[in-house]
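Here is the structure we will look at.
The values are calculated or read from the model by the stated rules, or taken from the named source; none is laboratory data. Worth saying up front: this structure is predicted, and the values here are computed from it rather than measured. No Cβ is skipped: glycine too gets one built from the backbone with ideal geometry, and neighbour counts run over all protein chains shown.
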Amino acid sequence: MNNRELKLERLVEAPRNLVWKCWTEPEHLKHWFTPKPWLTTECHIDLRVGGEFFTMMKSPEGGDFPNRGVYLEIVPNQKLVFTDAYTPDWQPTENPFFTAIVSLADADAGKTRYTAVARHWTVENAKKHEEMGFHDGWAKALEQLVEYTRGMK
């Protein structure tokens, strides 16, 4: 890991196939993706390299925060890589912030080894993301994901 990277690793009590579904199907992602009291009000997923990954987050005060990016790599049930550096038509964005790498591996008794890496374009962006609460926020969202999987089958 370097000074432009933030990382969250956990062993979670959810099967890998359900964690994958939660990351790749909008009807599931909207339930857990944004740490409460924030909400994810919209989600568009075109699960292919170059396909859109879009979420609209709503703050407790009612502000909308769109997040648009594209998938760079998809390994079914194992890995998702997406970035805000491009739009779905491969046009570079003006102020890219980070690339996310989400890795999933089977663990004992239906658990998943979950790793999320946020790789930033600058050291300043990494520090800003950490100050915004990367570790707490991504951990809370992951807890929400695991809780949500308990109702899935």
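If you go through the stretch 111-129 and pick out every residue that is buried (at least 17 other Cβ atoms within 10 Å of the Cβ), in a strand (DSSP E or B) and of a type outside the set (Val, Ile, Thr), you end up with 5.
Taking the stretch 80-91 as the range and being of a type outside the set (Ser, Thr, Tyr), over 15 Å from Thr115 (Cα atoms) and surrounded by 12 or more Cβ atoms within 10 Å (Cβ to Cβ) as the test, the residues that pass are Asp84, Ala85, Pro88.
Filtering the stretch 63-79 for residues that are at pLDDT 95 or above, out of contact with any strand residue (DSSP E or B) (no Cβ under 8 Å at 6 or more places or on another chain), exposed (fewer than 15 other Cβ atoms within 10 Å of the Cβ) and not in a loop (DSSP other than H, G, I, E, B) leaves a non-empty set. Selection over the stretch 92-110 of residues that are in a loop (DSSP other than H, G, I, E, B) and either more than 19 Å from the chain's Cα centre (by Cα) or surrounded by fewer than 18 Cβ atoms within 10 Å (Cβ to Cβ) (or both) gives a count of 5.
Mind checking which residues of the stretch 113-133 are closer than 24 Å to Glu25 by Cβ and of a type outside the set (Lys, Arg)?
Residues of the stretch 113-133 closer than 24 Å to Glu25 by Cβ: 113-118.
Hits for the stretch 113-133 are Tyr114, Thr115, Ala116, Val117, Ala118.
Listed here are the residues, each with its yes/no results for (1) surrounded by fewer than 18 Cβ atoms within 10 Å (Cβ to Cβ); (2) assigned to a strand (DSSP E or B).
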position	(1), (2)
Leu6	no, yes
Leu11	yes, yes
Val19	no, no
Cys22	no, no
Glu27	yes, no
Trp32	no, no
Thr41	yes, yes
Gly50	yes, no
Thr55	no, yes
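In the set (1) in contact with a Lys or Arg (Cβ under 9 Å, 6 or more places away or on another chain); (2) assigned to a strand (DSSP E or B); (3) among the hydrophobic types (A, V, I, L, M, F, W, C), the condition left unmet by Phe82 is number (1).
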